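Enquirer: Next up is a structure, given as C-alpha cells.
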Amino acid sequence: GELSLIGEISRSLGGAQSLEAALDIVYAGIRGGLGYDRVGIHLVDPRSELLTEVRGTDADGRKLSATGRSLSLAPDSSIWQAPSNALLLRGALFYYTEDVYAETPPEQRESLDGVPRQNLTVALRNGEAVTGLIAVDNLVSGQPIAAADAGPLLALAAQVGTAIERARLQERERIERQRLGILVESARSLNSSLDRDAIL
C-alpha cells in the first residue's frame, strides 16, 4: 500500500545522483503511486529568496519539468496573500481547501485556470527549515480529496525534504569542484606561461 510506496520512493531517493533525478522520483511517485492528477513541487531558495515551481502537471496531464513560475519571499510579496503559502511557509504542516480558486489572490489565479477545486499542499522540511511545498489536485478526474489524505503526503514529505536538500548540497559541491578545477587549470597554464617567459 501507501507505506510500501513511501519506502520505495525513499530508497530510490537514496540513489539519486542529482537534484533533477530526485525531483523526477518524487514527482513520479506522487503522480503514479498516490494517483493524483496534478502535482506541483516548489522549492525555496534562501539565497535568492524565491519559491520556484520545479515540477508541475499541466491541465492536460503532461509533466512540466520547469514551469519558470517563481514568487518572491519578500515581506511585501503577494505570496503571503495566498493562505496555503502563508501558513505553510510560516510552519504549518499541511493545508487543505475545498476551493483553491476562491482563496487565491487574483494576480496568482492565471495558473489555476479558473476552476474551483480541492487542493492539498504539504510543506517540505529539512529540520525546522521549510525547503519547499508539494501541492496536489484532481482537476482532471474530479476524484475528491479530503484533509485526511494529507497523511501519506506528510509521510513522504518527511523523506523528501531531507533527500532534496542532500541532492542540492551535492549539486553545489559538484559545481564548486568544477569551478575549483577550472581555477587550478588556469593557474597551471599561467604558471607554465610565466616559466616559459622566464626561460626566454
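The values are calculated or read from the model by the stated rules, or taken from the named source; none is laboratory data. Every value quoted in this text rests on a predicted model; they were computed, and no experiment measured them. Here the Cβ positions follow ideal geometry from the backbone for every residue, glycine too, while neighbour counts run over all protein chains shown. Heavy atoms of the whole protein, side chains included, go into the accessibility calculation; ligands, DNA and RNA do not. Shrake-Rupley method; radii C 1.70, N 1.55, O 1.52, S 1.80 Å.
Enquirer: Out of (1) among the charged types (D, E, K, R); (2) more than 30 Å from G61 (Cβ to Cβ); (3) modelled with pLDDT of 75 or more, the odd one out for D197 is which?
Expert: Looking at each condition in turn, D197 falls short on (3).
Enquirer: For residues in region 120-136 being polar (S, T, N, Q) and open to solvent by less than 20 Å² (accessible area, probe 1.4 Å), which is nearest to the chain's Cα centre (by Cα)? Break it down into steps so the answer makes sense when it comes.
Expert: If we filter region 120-136 for residues that are polar (S, T, N, Q), which is where we start, we get 121, 126, 131.
Cutting the leftovers down to open to solvent by less than 20 Å² (accessible area, probe 1.4 Å) gives us 121, 131.
Details: T121: 12, T131: 8 Å.
It comes out as T131.
Enquirer: From the residues in region 92-107 that are touching a strand residue (DSSP E or B) at 6+ places or on another chain (Cβ under 8 Å) and more than 19 Å from G151 (Cβ to Cβ), which one is surrounded by the fewest Cβ atoms within 10 Å (Cβ to Cβ)?
Expert: E103
Enquirer: Within the set of pairs 6 or more residues apart or between chains, which connect a residue that is at negative phi inside region 156-175 to a residue that is charged (D, E, K, R) and open to solvent by 10 Å² or more (accessible area, probe 1.4 Å) with Cβ atoms less than 6 Å apart?
Expert: Pairs that qualify, where the first residue is at negative phi and the partner is charged (D, E, K, R) and open to solvent by 10 Å² or more (accessible area, probe 1.4 Å), are G161/R125.
Enquirer: Tell me which of these A148 doesn't satisfy, since it passes every other one: (1) more than 21 Å from the chain's Cα centre (by Cα); (2) without any contact (Cβ under 8 Å) to a residue 40 or more places away in the chain; (3) farther than 20 Å from L5 by Cα.
Expert: Tallying (1) more than 21 Å from the chain's Cα centre (by Cα); (2) without any contact (Cβ under 8 Å) to a residue 40 or more places away in the chain; (3) farther than 20 Å from L5 by Cα, A148 fails exactly one: (3).
Enquirer: Another question, if that's okay. Residues in region 62-80: is at least one within 18 Å of A157 (Cα to Cα), part of a helix (DSSP H, G or I), open to solvent by 20 Å² or more (accessible area, probe 1.4 Å) and free of Cβ contacts under 8 Å to residues at least 60 places away in the same chain?
Expert: no
Enquirer: Can I ask one more? Consider region 137-174. How many of its residues are open to solvent by less than 60 Å² (accessible area, probe 1.4 Å) and either β-branched (V, I, T) or part of a helix (DSSP H, G or I) (or both)?
Expert: The qualifying residues number 19.
Enquirer: Here is a further query. Out of region 114-136, which residues are assigned to a strand (DSSP E or B) and not polar (S, T, N, Q)?
Expert: Going through region 114-136, the residues assigned to a strand (DSSP E or B) turn out to be 119-126, 129-136.
Matches in region 114-136: L120, V122, A123, L124, R125, A129, V130, G132, L133, I134, A135, V136.
Enquirer: Report whether or not T52 is open to solvent by less than 60 Å² (accessible area, probe 1.4 Å), under 13 Å from the mean Cα position of the chain (by Cα) and on the phi < 0 side of the Ramachandran plot.
Expert: yes
Enquirer: Looking only at region 8-25, decide whether some residue is closer than 19 Å to E107 by Cα, at pLDDT 90 or above and not aliphatic (A, V, I, L, M). Full working, then the answer.
Expert: So in region 8-25, the residues closer than 19 Å to E107 by Cα come out as none.
No: region 8-25 contains no residue that is closer than 19 Å to E107 by Cα, at pLDDT 90 or above and not aliphatic (A, V, I, L, M).
Enquirer: For region 89-103, give me each residue that is more than 21 Å from the chain's Cα centre (by Cα) and in a loop (DSSP other than H, G, I, E, B).
Expert: E98, D99
Enquirer: Of all residues in region 1-41, count the ones that are surrounded by 16 or more Cβ atoms within 10 Å (Cβ to Cβ) and under 22 Å from N119 (Cα atoms).
Expert: 18
Enquirer: If you check L23, L51, which single one turns out to be in contact (Cβ under 8 Å) with a residue 40 or more places away in the chain, assigned to a strand (DSSP E or B) and farther than 14 Å from D137 by Cβ?
Expert: L51
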